[in-house]
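First up is the structure itself, then whatever we jot down about it.
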Amino acid sequence: MTGANVVARSALASITVPSLIGSSDPLVALVVALCPPYQTKVVITKKSKKNDPPLSLTVGPDVLHQRNSILRSLCGSGLHHALDDAPLLLLGGHSARSTGGASPISALALAGISSWMSLASSVREDDGYDVPTLLYQLDAYLASRSFVVPSPSPTLADLDLYLAILSRVSGNELENILMGSGPGGGSVNVRRWLGQCGSTLEDLMIVAIENSEHSGAPVPVIPEGLPHSTAHTSPTFYYGDEDDIEDGGAVVVSTKVASAATIAKIKGEDGSAERGSGGDTVGVGGATAGDGITDDQRTASAEKRAKKSADKANKAKGQAKPKNEGGGGGGGGGTAPESSSQPTISALDIRVGRIVKAWEHESSEKLYCEEVDVGESTPRKIASGLRSFYKLDEMQNRTVLVLCNLKARNLGGFPSHGMVLCASNDDHTCVEFAIPPDGSVVGERVRFDGYDGEPEAENKIAKKKIFEAIAPDLRTDDSGDVVWRGTKGYTSSGVCRAVNGMANAHVS
């Protein structure tokens, strides 16, 4: 190791991170610190924040610069799924199972992770984001779910959204929202989710701090969550075929117990927090130094798990190669490559929207004027030529799909910024809304398997006529599902479709 450069000769990936990443983006710093040191080369720049080079990841011939894609690649195929194996499961355990389309369920879960991370980006980047309303919507979504995508523990998406929320409101301010009578008040499901995410971050921080002492990776700085929140671990389920059960049913998740000094770095210098009932230090998996398990039992169990992990890694190395998965993030689990010369559907920013108000255009017989909530601080104003197909009362409170990265333009004197997407037949005599599935969150981005890049800027969409190039392949299939070149469009709740199932129609 030379200075802040950590060199691993067997590295699968090389990542460059700014020196201030620990405080500016704690999730990136955390994931980098969790990376296996012999599989990653970490280069930490020492320049000032203003002159720091962009975040970058090199995996084989591919170089990634987009933050979300880098995170998903590190947690997925970029490191042979090392961060998506137990006990971390940062992609819910879905990464390896989605390879080559082996598991559609896992592919859908990965698409959900990608969409939720896009929502988290919107929360972080929009100073006026309405967090109380987000908490209200999230509470309804989590009423029947433990986490934002199917997973035994919080995933990258949960942690990203959690930290994005804390970047806007944290500590007592967050507690006041949850205890208040306005939007977000009484959100018991969100409170449970916030507690679990905070507890998981504390566990991961133990490993990150210990790794950083050897790798030199920046130590994440986690903002304050709910005050007086009780830390709790994820539930453990037994199926009867476990071989790591010790001491009458205690499953040892971690192979080592964190030192009191490491815990003190997280909880305070007195090291008094995170103690077991016998006063012994709690490890990552909740096992304690005084839990009745002997050193020989721990060693035997650790060796057994290490052998299993090695077998899995060897198998993965023979099956999964690092590749550019539509931007490198692995979102959606697709394998279709994005051409560098031709635009793909990932260039379009299609989001879940809700029409909060609609009225007739004063000078056009074809246009409705709408205010559409797309997860931003204020609703978008959009004009749509739908008066021949929908009555005014049918427009109100509609959940729709909105193309958001179009330049604003005047339509009949009305400033329209975006497009409400609809399915239509060839002669445009039949038109119906394209809609997300029930349970989709306003502002959530629609994803397409294998096309996981970030949307292009509005000016580039207009200048390069990107939408005109992409639109001919944006259609519905035989089942009325929204597809681009045969690949279905998803939100975290399922497949988008034409509201009445119009098949083989144009979507624009």
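The values are calculated or read from the model by the stated rules, or taken from the named source; none is laboratory data. On a predicted model such as this, the values are computed, not experimentally measured, just so you know. Heads up, the Cβs are rebuilt from the backbone with ideal geometry, glycines too, and the neighbour counts pull from every protein chain shown. Heavy atoms of the whole protein, side chains included, go into the accessibility calculation; ligands, DNA and RNA do not. Shrake-Rupley method; radii C 1.70, N 1.55, O 1.52, S 1.80 Å.
Here is a yes/no grid of residues against (1) open to solvent by 50 Å² or more (accessible area, probe 1.4 Å); (2) part of a strand (DSSP E or B); (3) in contact with a Pro (Cβ under 7 Å, 6 or more places away or on another chain):
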position: Asp426; (1), (2), (3): yes, no, no
position: Pro437; (1), (2), (3): no, no, no
position: Pro455; (1), (2), (3): no, no, no
position: Asn459; (1), (2), (3): yes, no, no
position: Ile470; (1), (2), (3): no, no, yes
position: Arg475; (1), (2), (3): yes, yes, no
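Residue by residue, here is whether (1) modelled with pLDDT of 80 or more; (2) surrounded by fewer than 23 Cβ atoms within 10 Å (Cβ to Cβ); (3) farther than 29 Å from Asn405 by Cα holds:
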residue: Gly92; (1), (2), (3): yes, no, yes
residue: Gly101; (1), (2), (3): no, yes, yes
residue: Ile105; (1), (2), (3): yes, yes, yes
residue: Leu108; (1), (2), (3): yes, no, no
residue: Ala120; (1), (2), (3): yes, no, no
residue: Glu125; (1), (2), (3): yes, yes, no
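Is it the case that some residue within segment 481-497 is surrounded by fewer than 19 Cβ atoms within 10 Å (Cβ to Cβ) and over 26 Å from Tyr136 (Cα atoms)? The answer is yes; a qualifying residue exists.
Condition test on Asp449, is it within 16 Å of the chain's Cα centre (by Cα) and at pLDDT below 95? So Asp449 passes the test.
In this structure, Ser167 qualifies as open to solvent by 20 Å² or more (accessible area, probe 1.4 Å) and not in a loop (DSSP other than H, G, I, E, B). Taking the conditions (1) at pLDDT below 80; (2) surrounded by 24 or more Cβ atoms within 10 Å (Cβ to Cβ); (3) out of contact with any strand residue (DSSP E or B) (no Cβ under 9 Å at 6 or more places or on another chain) in turn, Arg72 satisfies each one other than (1). Suppose we keep only residues that are of a type outside the set (A, V, I, L, M, F, W, C) and buried (at least 17 other Cβ atoms within 10 Å of the Cβ) within segment 386-412. Which one would you say is nearest to Tyr490 (Cα to Cα)? Once the filter is applied, the top-ranked residue is Thr399. Which ones in segment 398-416 are over 22 Å from Lys464 (Cβ atoms), over 27 Å from the mean Cα position of the chain (by Cα) and outside any strand (DSSP E or B)? Listed by number, the residues that qualify are Gly412, Gly413. Within segment 75-91, track down each residue that is more than 16 Å from Ala111 (Cα to Cα), in contact (Cβ under 8 Å) with a residue 60 or more places away in the chain and not in a loop (DSSP other than H, G, I, E, B). Gly78, Leu79, Ala82, listed by residue number.
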